[in-house]
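Since every read-out is calculated from the coordinates, none of them should be taken as a lab result. Keep in mind that what you see is a predicted model, and the values were worked out from it rather than measured. In this analysis, Cβ positions are derived from the backbone assuming ideal geometry, glycine residues included, and neighbour counts consider all displayed protein chains.
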Amino acid sequence: MAYIVRAFLVGLFTGFISAPIAFPQSLSGVPSPVIRTDDRQAEWRIGFDPGNDGAQSRTSSRLHYQHGFGSRLRVRGIVVGSNSGPGGFDLTQTQVQTLFQYADAADGGINAAFRFDYLLSNGNDNPDDIRFGWTGDWPLAPKWTFRTSAFASVEVGNNRNDG
């Protein structure tokens, strides 16, 4: 047994030192459709892009606050920005998400919710975005779930695409 543990640790260490360096390209995630009564949460995420291939390095940040109203409705405000050098911090996106949970796995079945988002482009000549979505998760085991989302969106405002 000790041989297996040692072989695993050596393989893990070798993988870490030989793997290429990877940096996240997104600060977002897939939120759970489960809403807890009177949920209040603030979260800050930060990412760093080292600026490979001659591009300038930059730091991105995401701050959100969410508030649950009862056990079926949650509203979340999100602010995203980046810093690409000495020029300062640029606000790139403001978003409001509204999530309505209509199915609960405790009642048998799945957790599921409808979601409505409005993404404001913050005046940078990009269009705003309105999204309607569905999020669901299926309990697979006591600590495991399968989660997925589907969205439809439309651009509104300046420089929007047709279709």
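With a Förster radius of 41 Å applied to the beta-carbon distance between ILE110 and ILE46, the computed FRET efficiency rounds to 0.80.
Rounded to two decimals, the Cα radius of gyration of segment 61-163 over 2.2 N^0.38 Å is 1.32. Fewest neighbouring Cβ atoms within 10 Å first, the residues ILE35, ILE46, ILE110 line up as ILE46, ILE110, ILE35. The amide H of THR145, built 1.01 Å from its N in the peptide plane, has LEU140 as neighbours under 5 Å, considering only residues 5 or more places off or on other chains. The length gained by stretching the chain between ILE130 and LEU91 to full extension, at 0.36 nm per residue less their Cα-Cα distance, is 12.2 nm.
For segment 115-120, putting each phi into the Karplus relation 6.51 cos²θ - 1.76 cosθ + 1.60 with θ = phi - 60° gives couplings of 9, 10, 10, 10, 9, 9 Hz, in residue order, rounded to whole numbers and with x for Gly and Pro. Neighbour counts of other Cβ atoms within 10 Å put TRP134, TRP44 in the fewest-to-most order TRP44, TRP134.
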